[in-house]
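Comments concern the structure below.
Each value in this text was obtained by applying a stated rule to the coordinates, not by laboratory testing. Predicted model only: the values in this text are computed from it and were never measured. Counting neighbours? That spans all protein chains shown, and the Cβs are built from the backbone with ideal geometry, glycine included.
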Amino acid sequence: MRLLYKKVDRRLYGHVAFYKRGQLDQESESKPYRTSSPFVIGRYSANGDGRLEVFGSVVFLLREIRRSIKRFVDDNNAWHARRRRLTREADIGRVDLKYDQKAMDFVILISTHARNLCDLIARFNGRSIPRLNYEGSRDGIVTLRELFDTLIHNRYYYFDGGCVRDLFSDHFKKKRSALSGRFMGYGFDIFDFVKGVSELIEEVTVKDLTQLLRWKFKRFTADSRPQDVVWLIQNVHAFSEFLQTKIQEEGYQFMMTLMFDELAGSLERVGSPTTPNGTTVETQQVLFESPSIGIASNLDKKEFEIRVRCAVGVQDQKIGREDLKGISVGVGFETLFDEVNRAFGDDHLITRRSQRLVPAAAN
């Protein structure tokens with residue numbers, strides 16, 4: 001399999017060409033026996049910095065959830081501020097109706113995105129929030145996953161004063177679920193819902209992403225389902241874009257280890273170490289630009305290609321940008337993921353950000 005690209009306007013398209021075994025190893029160009037349809041990988045930034053926003057990736061999903069939460073929080077807080085300025089019941093009623101409609105759309109949209117996240121990261125399926133009875137008092141708990149499933153298949157629910165009530169869904173409920181055996185009336189607070197989803201997206205780590213990619217890579221073959229092929233390619237690109245911003249000067253050492261084993265440990269100039277008389281120690285120096293990391297075009301290799309412009313010198317030899325030369329190194333996905341996890345696997349994919357949602361009780 002070979003991955004091919006085409007850029008149209010600001011969009012980056014990809015498609016996969018399939019070859020018979022051994023064709024890609026031949027010196028002469030071989031024709032594939034079949035190709036996929038083009039699919040959109042992402043869109044380049046309009047400001048010309050070369051940044052690629054990758055669609056369909058875990059990183060994109062997290063950012064979409066955050067954007068939706070921010071829009072809802074802004075709408076919620078604006079609704080409270082507007083409501084406090086009104087005196088006529090008719091005006092308050094119109095403001096409430098408009099807010100309720102937006103809130104109902106928000107709940108469905110977030111449930112769709114967040115359920116996709118739970119499908120990818122199984123440990124989130126057990127997260128729960130308080131369940132409310134008809135009077136609005138806490139009456140046990142319900143998992144967010146069950147709420148997502150119920151809301152996505154909903155036939156009816158009612159949004160009332162900051163609470164979602166009267167859930168009625170075609171989704172099959174487990175016999176011992178928090179929502180089974182109850183004839184409507186139960187619900188949940190939108191404040192608890194937003195807080196619970198916000199905590200989910202802020203807990204996703206670099207290691208979560210590398211584990212997903214590792215699992216997908218291991219099972220990746222020419223017979224993989226089209227959606228799995230597209231998912232893997234999009235997420236590898238998103239992972240590469242993430243590394244471009246993540247790897248700062250203090251994080252370059254593990255990249256050097258991957259690319260230049262003989263230079264491992266020599267990124268920084270070593271001073272004048274104490275040595276026996278008559279012994280001369282020469283220290284290597286390295287000058288390089290930020291590495292570019294991408295998936296190797298030959299997908300059967302299951303490798304990343306690391307490209308960098310680099311110059312190497314010794315001792316006080318003068319090297320400058322005019323000495324930089326392009327170097328490309330293939331690194332197996334297992335090796336790269338192991339090194340990334342050791343360097344910053346516990347870091348979060350998106351930064352933590354407080355959402356100041358004014359509760360309905362404020363009215």
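Across segment 144-160, in residue order, what do the Karplus-derived ³J(HN,Hα) couplings come to in whole Hz, using 6.51 cos²θ - 1.76 cosθ + 1.60 with θ = phi - 60° and x for Gly and Pro?
4, 4, 5, 5, 4, 4, 5, 5, 5, 9, 5, 9, 6, 7, 10, 9, 9
What pairs from LYS195/LYS246; LYS218/LYS246; LYS6/LYS31; LYS31/LYS325; LYS6/LYS302; LYS207/LYS302 go past 23 Å between their alpha carbons?
Over 23 Å apart, Cα to Cα: LYS195/LYS246; LYS218/LYS246; LYS31/LYS325.
Over 5 Å intervals from 0, what percent of Cα-Cα pairs in segment 59-203 sits in each interval?
Pair shares across the bins are 2, 9, 19, 22, 20, 14, 8, 4, 2, 0.
Just tell me which lysines come within less than 21 Å, Cα to Cα, of LYS98; anything on the same chain fewer than 8 places away is out.
Within reach: LYS70.
When ranked by the protection proxy of mean other Cβ atoms within 10 Å per residue, highest first, what sequence do the peptides 41-51, 209-219, 84-94, 142-152 form?
142-152, 209-219, 41-51, 84-94
What list of ³J(HN,Hα) couplings, whole Hz, do you get for segment 48-64 from phi and the Karplus terms 6.51, -1.76, 1.60, once you set θ to phi - 60° and write x for glycine and proline?
x, 8, x, 6, 10, 8, 8, 7, x, 9, 4, 4, 5, 4, 4, 5, 5
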